[in-house]
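Structure first, commentary second.
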Amino acid sequence: MNRKIIIGTRGSDLALWQANFIKDKLSDIGIASELQIIKTQGDSILNLRLDKLEGKGFFTKELEEKLLDGSIDIAVHSHKDLPTENPPGLIIAAVPGREEPDELLLILKDCVEINQKLSVKYGGMVGTSSNRRKAQLLAFRPDLEIEDLRGNVPTRIEKLRNEDYDAIMIAKAGVSRLGIDLSEFHIEEISPVEFIPAPAQGALAVQIRESDNELFEKLQTLHDEAVAEEIGVERKVLNLFEGGCHMPLGCYCRKHGDKFQTWTSKSTESDEFPDRVFIESKTIRGLAEKIVAKFSSDRKMPTKIFITRAISENSYFRRALERHRIAIEDRSLIRTFPTIHILDPYILKDIDWIFFSSKNAIEYFFALEPRISKKTKFGVLGRGSEDMLRRYGKMPDFNGEEDGIDTVDIAEEFAALAVGKCVLFPGAKDSLRTIQKAVALNSKVIDLPVYETVRDENAKQSYADVLIFTSPSNVDAYFADNLLEPEQRIICIGKSTGKKFDKMGVKYSLPYSPDEIGLAEAVFGLDYK
C-alpha cells in the first residue's frame, strides 16, 4: 500500500496495547501506520453506571464516526464493546486470535476465606460495573455485597489496592495483555465454562470502511476464521436478545472436537438469579436461535424433578429450579458408612498427591482427622469436589473439570502430572478405579477405602417429570422394583451412571459438569412438549 494507515483508538492503556498490537501486525506485512487517540462517551462519563448511559456503543461510537468521515482508516475495538450491528458503511475486516476469556477475581489477602466458594470472605464487598458479573456472583454467593466499579484496568486495580473493596472482578485478557503484576493479591481464576463471560470477551475487532477493498484484503492475514465463527455465535445470541453491554447476559462458544459447545447465562435484572443452558451442536447454523429459544417465557418447563441426593435449602440447584416453581423430590436411594475409624499416620508419610473422586470421599477422609504434609497436593474430579474440599480449608492443585467431562480424559491428564509420585486415593469400597488405573502405569498408587455404600431395598417410585441419578448404585436401587414411566426424562451424573441406562436401552442426558450448576444447565437444556 502506498498510503500510511491511521489507526483510531481510545486512550486507555489496554486500548493502546490493542492498537499497537494491530500496528505491529501491519508492520509485519509491510504497511506503515500511526495511532490517533479518540475520546469516547464511555471515557468521559465516569460518575454513572454503564447501564445508565444512553444508547449503545458508548466506547465505540466516536471511533466509528471518525471512520465514516475518513479521519481514520482502522478502528481497533474490544469486540465485546461493539453493538451487534455495524453502522451502514462499516465492516469488521478481521478478528485476530482470542485471548483467554476467563475472569479474574482479585482479593485482598486479608479478605480471603478459602472455605468459601470463590474465596472471598463471607459478606465481602466485590467491585464490578457489569450486570452480568453481578448476577452470576450473587447466584454463587448471595451473601456478597456488589458495588459499582468504573475506570480502566490499572485504575480498578488501584482502587482495590487502596482497599475501597475486598475484591474486584476483571477480565483476564486485559491483565494478560498489560502484563500487570498481581502478586500482592489472592487470585481466583475462573474458567468461562463456570463463570460465563460477555459475548466476544477477549477478542479484538478490526473495523474499516466497507468500501476500502484494498485494506480489507491486506487485513485477512490477521483474521482467525475459527475465532470469528465462535464469537459470531455469541454475538448473534446477544443480537437476538436485543441486548447491549448492560444486559445480564453471558455467552461462550468453543469448538471442541467436532462439536461446538456453548454456555449461556441470562437474567432480566442484575440482582435476579440467572438461568443457564449448555448446548452442543455439530454446526453453528441455527445454534444461536436454538439457544435463545431455551429462554423463551412461554417455553414449557417440568413441574417436578426427582434426584437421588439431598439438596440443601440454599443450594444453587434448588434456587435455580424453584424460581421457575419446579418442585424437587430429593432422596438418596443408598446409604454410606465409614469403613475405617482410625487412620494409620504412616499411610500419609510419603504422599505427594491425594486425589478425590467424590464429595463423600472428602467428607469421610477428613473425618479421620488426617495430618497432611504441607508438600502434599490435592486433586479432584470436578467442581463439586472442589467446593467440598474448600470446606476443609484446602484448594485443589488439579481440577479435572478444567480438562474435560470424560473421566478417562481426566485420568490421562492427572497421570501425566503425577509421574513418579506417590498418590493416595481415598474413596468408596469397590470403586471403578478409573483414575488409579491410569496413574499406576508410572506412579505409586495407594487405595484407601474410607466408605462403602448400601442399597435401599425398598426404593419408592417417583412420578416426577425428570429423574436425576447421581451414581450407578442409585440406578440399581431404583430399578430393582420400579419402572420408567412414559414421558419421564433421565439425567445422569457421570458416564458410569449412564452406562446403566445404555444396558437398559434408555435415552438419557449428561450434564457437562457433574455439580449443581451443570445439573441446572441440564434441566433447562431438555426439550419438553
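The values are calculated or read from the model by the stated rules, or taken from the named source; none is laboratory data. These numbers were taken from a predicted model, which means no experiment stands behind them. So basically every Cβ, Gly included, is an ideal-geometry build from the backbone, and we count neighbours across all protein chains shown.
Looking across the stretch 423-460 at every residue that is among the charged types (D, E, K, R) and part of a loop (DSSP other than H, G, I, E, B), the one that is nearest to Ile342 (Cα to Cα) is identified as Lys429.
Determine whether the stretch 189-201 contains at least one residue that is in a strand (DSSP E or B) and touching a residue at least 12 places away in the same chain (Cβ under 8 Å). Yes; the residues of the stretch 189-201 include at least one that is in a strand (DSSP E or B) and touching a residue at least 12 places away in the same chain (Cβ under 8 Å).
Suppose we filter Glu329, Glu386 for residues that are assigned to a helix (DSSP H, G or I) and of a type in the set (D, E, K, R); which single one remains?
On the way: Glu329 fails: assigned to a helix (DSSP H, G or I).
Only one candidate passes the filter, namely Glu386.
When Arg383, Arg390 are checked against the criterion of being among the charged types (D, E, K, R) and either surrounded by fewer than 21 Cβ atoms within 10 Å (Cβ to Cβ) or at positive phi (or both), a single residue qualifies: Arg390. All of (1) among the polar types (S, T, N, Q); (2) touching a residue at least 40 places away in the same chain (Cβ under 8 Å); (3) not in a helix (DSSP H, G or I) hold for Ser473 with one exception: (3). Hey, could you check the stretch 384-407 for residues that are at pLDDT 90 or above and among the charged types (D, E, K, R) and say which is nearest to Tyr346 (Cα to Cα)? Result: Lys394.
Are any of the residues in the stretch 162-176 part of a loop (DSSP other than H, G, I, E, B), in contact (Cβ under 8 Å) with a residue 24 or more places away in the chain, out of contact with any His (no Cβ under 6 Å at 6 or more places or on another chain) and over 26 Å from Ser267 (Cα atoms)? Scanning the stretch 162-176, I find at least one residue that is part of a loop (DSSP other than H, G, I, E, B), in contact (Cβ under 8 Å) with a residue 24 or more places away in the chain, out of contact with any His (no Cβ under 6 Å at 6 or more places or on another chain) and over 26 Å from Ser267 (Cα atoms), so the answer is yes. Scanning the stretch 480-491 for residues that are surrounded by 17 or more Cβ atoms within 10 Å (Cβ to Cβ) and either of a type in the set (A, V, I, L, M) or modelled with pLDDT under 95 (or both) gives Ile490, Ile491.
Out of the residues in the stretch 492-528 that are of a type in the set (A, V, I, L, M) and assigned to a helix (DSSP H, G or I), state the one that is surrounded by the fewest Cβ atoms within 10 Å (Cβ to Cβ). Filtering the stretch 492-528 for residues that are of a type in the set (A, V, I, L, M) and assigned to a helix (DSSP H, G or I), the one surrounded by the fewest Cβ atoms within 10 Å (Cβ to Cβ) comes out as Met504. Inside the stretch 305-326, can you point out the residues that are in a helix (DSSP H, G or I), closer than 15 Å to Ala464 by Cα and hydrophobic (A, V, I, L, M, F, W, C)? Listed by number, the list holds a single entry, Leu321. Scanning the stretch 166-196 for residues that are among the hydroxyl-bearing types (Ser, Thr, Tyr) and over 28 Å from Asp275 (Cβ atoms) turns up Ser176, Ser183. Scanning the stretch 418-444 for residues that are surrounded by fewer than 20 Cβ atoms within 10 Å (Cβ to Cβ) and of a type in the set (Val, Ile, Thr), we see that the one that is farthest from Asp330 (Cα to Cα) is Val419.
Filtered by the rule that a residue be aromatic (Phe, Trp, Tyr) and either closer than 21 Å to Ile517 by Cα or buried (at least 24 other Cβ atoms within 10 Å of the Cβ) (or both), the stretch 166-207 gives a lone residue, Phe195.
If you check Ser211, Ser315, Ser281 for being assigned by TED's automatic domain parsing to the domain that holds Phe469, surrounded by fewer than 20 Cβ atoms within 10 Å (Cβ to Cβ) and either within 19 Å of the chain's Cα centre (by Cα) or modelled with pLDDT of 95 or more (or both), only one passes: Ser315.
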